[in-house]
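Chemist: Handing you a structure now.
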Amino acid sequence: MKRHPSLVPISRQHHGGLLTARLLQHGAPPYKGMPTTPAAKRVYIINYLKEHLLAHFELEEQTVFILAAHTSEELKQQAAALQAAHHLLQQLILALPQAEENDLPDRLHEIGQLLEQHIRQEERVFFEKLQQELPEEKLQLLHRQVTQQLP
């Protein structure tokens, strides 16, 4: 899937999210330098949320989702569903400190699956539709907005 340059920075951030999603799921192979125990994975995903995901969610919500909502009803609905997934993921991750140790692997797995599904939906469906429907001048505007918000 070829990405328009306006979406490339967001797509690059998705790579780290997919790796994190896989790390949290049952049966994940050990990744060099990554946590292997449920307790360490809990700490990792909470820190990942604070250091990466919240800023990524905000970037998408303040740029791509707004443009999508003003492009078509279908994209508006997709953006709303994706934003709801952002909130759900945040809630699930922030609830992890209260999770019982024996429930932790299943909770991490659920978050990992939801995160992976969310990213795949954005990449395979939402971004593809957005690229098809947005005129080039809107894509250029998006590119400027995204690059201004990147650290």
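Chemist: Would you mention how many residues in segment 59-96 are closer than 14 Å to Gly17 by Cβ and of a type in the set (D, E, K, R)?
Modeler: The total comes to 1.
Chemist: Can you name the residue in segment 1-25 that is exposed (fewer than 11 other Cβ atoms within 10 Å of the Cβ) and more than 16 Å from the chain's Cα centre (by Cα) and, of all such residues, is modelled with the highest pLDDT?
Modeler: Residue satisfying both the conditions and the ranking: Lys2.
For (1) over 29 Å from Leu142 (Cα atoms); (2) surrounded by 14 or more Cβ atoms within 10 Å (Cβ to Cβ); (3) at pLDDT below 95; (4) not basic (Lys, Arg), each residue gets a yes or a no:
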residue	(1), (2), (3), (4)
Arg42	yes, yes, no, no
Glu60	no, yes, no, yes
Leu75	no, yes, no, yes
Ala79	no, yes, no, yes
Leu88	no, no, no, yes
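Chemist: Right, Gln90: in a helix (DSSP H, G or I), within 13 Å of the chain's Cα centre (by Cα), closer than 18 Å to Gln149 by Cβ and of a type in the set (S, T, N, Q) or not?
Modeler: no
Chemist: Still on this model: Please work out which one of (1) in contact with a helix residue (DSSP H, G or I) (Cβ under 7 Å, 6 or more places away or on another chain); (2) exposed (fewer than 15 other Cβ atoms within 10 Å of the Cβ); (3) under 17 Å from Ile111 (Cα atoms) is the condition Asn47 fails and give its number.
Modeler: Just one mismatch for Asn47, condition (1).
Chemist: Name the single residue, out of those in segment 1-58 being part of a helix (DSSP H, G or I), β-branched (Val, Ile, Thr) and without any contact (Cβ under 8 Å) to a residue 24 or more places away in the chain, that is nearest to Asp103 (Cα to Cα). Full working, then the answer.
Modeler: Narrowing segment 1-58 to residues part of a helix (DSSP H, G or I): 8-24, 38-58.
When the remaining residues are screened for being β-branched (Val, Ile, Thr), the result is 8, 10, 20, 43, 45-46.
Of the ones still in play, those that are also without any contact (Cβ under 8 Å) to a residue 24 or more places away in the chain are 8, 43.
On the way: Val8: 37, Val43: 15 Å.
Only one residue tops the list, namely Val43.
Chemist: Please specify each residue of segment 80-116 satisfying the condition of being in contact with a helix residue (DSSP H, G or I) (Cβ under 8 Å, 6 or more places away or on another chain) and polar (S, T, N, Q).
Modeler: Gln83, Gln90, Gln113
Chemist: Check Leu104, Leu96 and return the single one that is modelled with pLDDT of 95 or more, in contact with a Lys or Arg (Cβ under 9 Å, 6 or more places away or on another chain), crowded, with 17+ Cβ neighbours inside 10 Å and of a type outside the set (S, T, N, Q).
Modeler: Values: Leu104 fails: crowded, with 17+ Cβ neighbours inside 10 Å.
Selected residue: Leu96, the only one of Leu104, Leu96 that is modelled with pLDDT of 95 or more, in contact with a Lys or Arg (Cβ under 9 Å, 6 or more places away or on another chain), crowded, with 17+ Cβ neighbours inside 10 Å and of a type outside the set (S, T, N, Q).
The values are calculated or read from the model by the stated rules, or taken from the named source; none is laboratory data. The shown structure was predicted, so the numbers you read here are calculated from the model rather than taken from an experiment. FYI the Cβ positions are ideal-geometry reconstructions off the backbone, even for glycines, and counts take in every protein chain you see.
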